[in-house]
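Input: a single structure, listed below in structure tokens.
The values are calculated or read from the model by the stated rules, or taken from the named source; none is laboratory data. These figures come from a predicted structure and were not determined experimentally. FYI the Cβ positions are ideal-geometry reconstructions off the backbone, even for glycines, and counts take in every protein chain you see.
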Amino acid sequence: MKEPGEKIDLSTLIAYLLPGLIILMMVLATVDSSRLITGRSSFIRLLPSVSGPQLVMIAGSVLIAGYTCGLLLDLFAHRFFDPPQDRIREDAYAEVCTSLAALIDADRYRALRFLTHPDPQTDEMRSSFVDTMFYHYATPQQWERQNWSWAFYESSRNLSILFLPAYCLFSFYLLLGVTLTSLTLSALGSSVLCAAITLGIGVVILKWPYQWLKEYRGRICKVYYKHRAYIVIGLLIDRSLFQP
């Protein structure tokens, strides 16, 4: 099985390319903001002069750059999200093992008592055991489902990082363009004030979608690890019930 991001497919688009394209749009908005202030032509006005072959080359370059930016953002996200991710993994494994380990033949699998042991010192043993068993016995179909869930988790994690910065930057860029094209320089001060108020209101309104995105990130991460634990515990139950 290929790892997420190893090939260009829908999961790659969700996990890396979409956040990476947002980063490129943020860079474009930042650069074009300075061009608008100096009165030069914006990038949008230059698009009609681009020929077909040039457009194809630009699109290809954007895809490559977006994918690269998405991977770099993902590496940056690991620095901050790995500790809470490990806690979610331990909680998911403990929850599944506690609820299903009673169905395993205790006489045959006495060495696996740590699966339901409440001692925090056993969390690492339980996590290592479940991961090792899954890596050894998981089928390609199970890996595909895991990769699909992980793509949505990585996408929600990366988008939650970009959510507020992207909104503030795009709002500023839009308001700046409207201001410089429809108002005189004397009205610029009041326009900047209106822009600040608009940004503030938008941040307050977007608090709920942002919170929903964070909650979804935690849920899909737990679903990912619970699915892995269900497969491993299910295998042990199958052996305990149906093998002599």
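Data overview
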read-out: Condition met for V27 (assigned to a helix (DSSP H, G or I), modelled with pLDDT of 85 or more, over 18 Å from the mean Cα position of the chain (by Cα) and surrounded by 15 or more Cβ atoms within 10 Å (Cβ to Cβ)); value: no
read-out: Condition check for I161: β-branched (V, I, T), out of contact with any Asp or Glu (no Cβ under 8 Å at 6 or more places or on another chain) and closer than 21 Å to Y16 by Cβ; value: yes
read-out: Residues satisfying the stated conditions in the stretch 103-146, i.e. modelled with pLDDT under 85, farther than 15 Å from I233 by Cα and of a type in the set (S, T, N, Q); value: Q121, T122
read-out: Pairs, first within 15 Å of A94 (Cβ to Cβ) in the stretch 208-235, second of a type in the set (K, R) and assigned to a helix (DSSP H, G or I), C-beta under 6 Å, six or more apart; value: Y225/R89
read-out: Qualifying residue in the stretch 34-56 (condition: out of contact with any Ser or Thr (no Cβ under 6 Å at 6 or more places or on another chain), among the polar types (S, T, N, Q), in a helix (DSSP H, G or I) and at pLDDT 80 or above); value: no
